[in-house]
Amino acid sequence: MNFPQKHSAAGTTIFTVMSALAAEHNAINLSQGFPDFPVDDRLGTLLHVATNVGFNQYAPMPGLPILRNEIAENFRRRYGLEIDPETEITITPGATYAIYAAFTAILHPGDEAIILEPAYDSYLPNIEMNGARAITVPLSAPDFSVDWDRVKAAITGKTKAIIVNTPHNPTGAVWGKSDWGQLADLIRGKDIFVLSDEVYEQLSYDGLKHYSVLGHPELREKAFALFSFGKVYHNTGWKIGYCIAPPALTGVFRRIHQFLAFSVNTPAQYALAQYLKLEDVPPVNIMLQEKRDRFLELMKQTPFTFHKPASGSYFQVAGYEQISDMPDKEFARWLTKEYGVATIPVSAFYTSGKDDRLIRFCFAKKEETIAQAVERMSSLMVSP
Ligand code: PMP
Ligand code: GLN
């Protein structure tokens, strides 16, 4: 059979590859981004309650009203933003799905969509699956800031969308307010939509603020802002996210969503809605900043190098030039097999496979997991 290719991404996603390799070699898995500590007991209990009280049938297509109301209330409280839960919020089965649905809602075959690389690996195939072309613009190493002149040069008459991500996976970079201003200047008066991947919105460190596209009135009019509960409540396996967009864009988004998933896991939506009401849920960035700091402190025992601590997300990029000059994919495999620690090679986040000889560690792990991983790597030697 001759199956359609649909996209140009090679083979199986790196997250599956590295998690499988970690399992095969009994390695500590600091590769795929998920916490290994439990969810808040209260959230687990609420899920149980939800099924007991009867939230077991299809939810309304845009999501349970109580969850959408609580999200709106939460954004009012945390960001001072007014969002209409009826016309601007749609609950989705995770953010990966929401990104796909948003691209599908706006892209025509032949359109172009801009990606800033390194980038989460689903963006490119999601664009291509819609018959559009992904135009990649590299972020500027070593701090992975946006080179706005390069973005400007990538915009053509065919550009229909740009996808951005702050806090950033895999580099941990966080956008300042001025980045949004620069983007607004570049796309003013043009029919270009913004997909703003903000799944790590609550994970910024050292007092840095998260600036959402929703806080920029001009951009908000042309933006799909995409979120995931998995990253903030440590339940990535629930796969619940949401899309916030102005009414007209929410309309086109739901036009796709209604025939793609139709609706999302009802008991989990109920549990999240009740959990959002609680006022004593500790801010997640405090706990994760401590984990980042502990990780970096312990890693001083190893020859890895760090340009700077991650400002956001739960990933830390590291150089291994003192250990080896292997390509990063080979190095990540070797580290998994020989030292029992799995990571992600950063070249997997580039369409071109650009290899800066960097790997990504996920530090959203229990204290003992981090300590054990570092202990395994502490015998790594500086190569002569
Ligand atoms: N965007 C980025 C930048 C991510 O790292 C991830 C990975 N979780 C997602 C989106 C997807 O989130 P979800 O698990 O809700 O699909
Ligand atoms: N976003 C997560 C990461 O970067 C993984 C999500 C996935 O496995 N697709 O590790």
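The values are calculated or read from the model by the stated rules, or taken from the named source; none is laboratory data. Values in this document were obtained by computation on a predicted structure and should not be read as measured data. A quick note on method: Cβ atoms are made from the backbone with ideal geometry, for glycine too, and the neighbour counts reach across all protein chains shown. Remember, those area values only see protein heavy atoms, side chains included, never the ligands or the DNA or RNA. Shrake-Rupley method; radii C 1.70, N 1.55, O 1.52, S 1.80 Å.
Using the Cα centre as the reference, give the magnitude of the dipole from point charges on the C-beta atoms of region 26-93 (Lys, Arg: +1; Asp, Glu: -1; all else neutral), rounded to the nearest 20 debye.
Rounded to the nearest 20 debye, it is 80 debye.
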Original post:
How much mean residue ellipticity at 222 nm does the chain get from its helices, if each DSSP H run of length 4 or more adds -39500 (n - 2.57) and you divide by all residues, to the nearest 500 deg cm²/dmol?
Top reply: -11500 deg cm²/dmol
Subject >> Cut-off under 5 Å, modelled amide H: who pairs with Arg133 long-range >> reply: Gly110, Asp111, Glu112, Ala113
Original post:
R0 = 41 Å: FRET efficiency of Asn56 with Glu221, Cβ-based, nearest 0.05?
Top reply: 0.60
Original post:
What is the dipole size for region 219-367, taken about its Cα centre, with +1 at each Lys and Arg Cβ and -1 at each Asp and Glu Cβ, in debye to the nearest 20?
Top reply: 480
Original post:
What are the ³J(HN,Hα) values, in whole Hz, obtained from phi via the Karplus relation 6.51 cos²θ - 1.76 cosθ + 1.60 with θ = phi - 60°, for each residue of region 285-296 in sequence order, with x given for Gly and Pro?
Top reply: 5, 5, 5, 6, 5, 4, 5, 4, 5, 5, 4, 5
**OP:** Quick one: which residues, 5+ away or cross-chain, put their amide H under 5 Å from the amide H of Thr92? H built at 1.01 Å from N.
**Re:** Gly241, Tyr242, Cys243
**OP:** Just name one of Ile66, Phe295, Ser19: the one whose Cα is farthest towards the positive end of the charge dipole of the chain (beta-carbon charges, Lys/Arg +1, Asp/Glu -1).
**Re:** Ile66
**OP:** Describe numerically, in nm with one decimal, the distance between label points set 7 Å from Cα along Cα→Cβ at Asp206 and at Asn74.
**Re:** 2.7
Subject >> Positive-end residue of Gly131, Val53, Ala102, charge dipole of region 43-151 with Cβ unit charges >> reply: Val53
Original post:
Among the lysines, which have Cα under 18 Å from the Cα of Lys337 when same-chain residues fewer than 8 positions away are ignored?
Top reply: Lys329
Original post:
With all protein chains present and a 1.4 Å probe, how do Phe55, Phe304 order by accessible area, largest first?
Top reply: Phe55, Phe304
Subject >> Accessible area of His48 in the full protein assembly, 1.4 Å probe (Å², nearest 10) >> reply: 110
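Starting from 0.36 nm per residue, how many nanometres of slack lie between Lys277 and Ser383 once their C-alpha separation is accounted for?
Taking 0.36 nm per residue and subtracting the Cα distance, the gain is 32.8 nm.
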Original post:
Around Ala223, which amide H atoms from residues at least 5 apart in sequence, or from another chain, sit under 5 Å from its own amide H, with H modelled in the peptide plane?
Top reply: Val194
Subject >> Whole-Hz ³J(HN,Hα) from phi, Karplus 6.51 cos²θ - 1.76 cosθ + 1.60, for region 307-315, glycine and proline x >> reply: 5, 6, x, 4, 7, x, 6, 10, 10
Subject >> Stretchable slack from Leu81 to Glu367, in nm (0.36 nm times residue separation minus alpha-carbon distance) >> reply: 99.4 nm
Original post:
Going by the alpha-carbon gyration tensor, a ≥ b ≥ c the square roots of its eigenvalues, is the chain rounded (a/c under 1.5) or, if a/c is not under 1.5, prolate (a/b greater than b/c) versus oblate?
Top reply: oblate
Original post:
Which links in Lys209/Lys365; Lys190/Lys308; Lys209/Lys291 stretch past 27 Å when you go from one Cα to the other?
Top reply: Lys190/Lys308
Original post:
Which of Asn29, Leu380, Val146 sits closest to the plus end of the dipole of the chain, meaning its Cα is farthest towards the positive end, when Lys and Arg get +1 and Asp and Glu get -1 on the C-beta?
Top reply: Val146
Original post:
Taking a probe of 1.4 angstrom, what is the accessible area of Leu335 in Å², to the nearest 10?
Top reply: 0
**OP:** Among the aspartates and glutamates, select those whose C-alpha is under 16 Å from the C-alpha of Lys277, and discard any that sit fewer than 8 residues away in the same chain.
**Re:** Asp40, Asp41, Glu70, Glu73
Original post:
With each pseudo-label sitting 7 Å past Cα toward Cβ, what's the His48-Thr156 distance in nm, one decimal?
Top reply: 5.8
Original post:
How big is the Rg/Rh ratio for region 290-384, C-alpha atoms only, Rh by Kirkwood, two decimals?
Top reply: 0.93
Subject >> Ranking by accessible area, most exposed first, for Val213, Val317 with a 1.4 Å probe >> reply: Val317, Val213
**OP:** Round to the nearest 10 and report in Å² the accessible area of Glu297, as given by a 1.4 Å probe over the protein chains' heavy atoms.
**Re:** 100
Original post:
Rounded, prolate or oblate: which one fits region 155-230, using the alpha carbon gyration tensor with axes a ≥ b ≥ c (rounded when a/c is under 1.5, else prolate when a/b beats b/c, else oblate)?
Top reply: prolate
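Given Cβ point charges of +1 (Lys, Arg) and -1 (Asp, Glu) and nothing else, what value in debye, to the nearest 20, does the dipole of region 248-299 about its Cα centre take?
Value, rounded to 20: 360 debye.
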Original post:
For region 101-106, in order, what is each residue's ³J(HN,Hα) by Karplus, 6.51 cos²θ - 1.76 cosθ + 1.60 with θ = phi - 60°, in whole Hz (x at glycine and Pro)?
Top reply: 5, 5, 4, 5, 5, 10
